[in-house]
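A short worksheet on the structure shown next.
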Amino acid sequence: MKIIDADGAVLGRLAADAAKRLLNGEELVIVNAEKAIITGSKKMIFEKYRERVDRGHRYKGPFFPKAPHMLVKRTIRGMLPWKSPRGREAFKRLKVHISVPEELEGREFEKGPQLKGAPKFMRVEELSRKLGWNA
């Protein structure tokens, strides 16, 4: 089981790396999901995700997550062949947490793919709060 710290990691790069590992049969746990970053202007990022959340019907779906850990998990799911048994099995080997759970404290974490000097970015937690997540 590999534990990846998403603090400061670029969400897309983290998701691509995680999807590749999951398809190779690894079990992954991602911690500090709310501290991952999405690059680009805040206005553009918010509009893109607001459109996804608003799509569909309030009761019938499709439903898009607002919580940070579920947003990260959904991003990774988008990079897996979700409609095949292989993709579903890979997705079951993934766990994503907000902050670090007690059972994982004191263990060594692997850093997610970092980006140095991103001029414009938004943290996943900030995006989630703007989308209406209350925690």
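The values are calculated or read from the model by the stated rules, or taken from the named source; none is laboratory data. Keep in mind the model is a prediction, meaning the values are calculated, not measured. Cβ placement follows ideal geometry from the backbone for every residue including glycine, while neighbour counts extend to all protein chains displayed.
Just a few scattered comments:
- Flag if Lys116 is without any contact (Cβ under 8 Å) to a residue 40 or more places away in the chain, part of a loop (DSSP other than H, G, I, E, B) and under 14 Å from Ile38 (Cα atoms): yes
- Members of region 30-40 that are surrounded by fewer than 18 Cβ atoms within 10 Å (Cβ to Cβ) and either part of a loop (DSSP other than H, G, I, E, B) or at pLDDT 95 or above (or both): Gly40
- Test result for Lys83, at pLDDT 90 or above, farther than 23 Å from Ile4 by Cβ and outside any helix (DSSP H, G or I): yes
- Single match in Lys66, Lys73, Lys95, Lys43 (criterion: basic (Lys, Arg) and assigned to a loop (DSSP other than H, G, I, E, B)): Lys66
- All conditions but one from (1) modelled with pLDDT under 95; (2) part of a helix (DSSP H, G or I) apply to Glu108; the one that does not is (2).
- Residue in region 1-26 that is surrounded by the most Cβ atoms within 10 Å (Cβ to Cβ), counting only those that are in contact with a strand residue (DSSP E or B) (Cβ under 7 Å, 6 or more places away or on another chain) and in a loop (DSSP other than H, G, I, E, B): Ala6
- Restricting region 88-113 to residues that are of a type in the set (Asp, Glu) and touching a residue at least 12 places away in the same chain (Cβ under 8 Å), the residue that is surrounded by the fewest Cβ atoms within 10 Å (Cβ to Cβ) is Glu108.
- Unique match (being within 16 Å of the chain's Cα centre (by Cα) and closer than 13 Å to Leu22 by Cα) among Leu80, Leu71: Leu80
- Considering residues of region 56-65 that are surrounded by 12 or more Cβ atoms within 10 Å (Cβ to Cβ) and over 11 Å from the mean Cα position of the chain (by Cα) only, the residue modelled with the lowest pLDDT: Gly56
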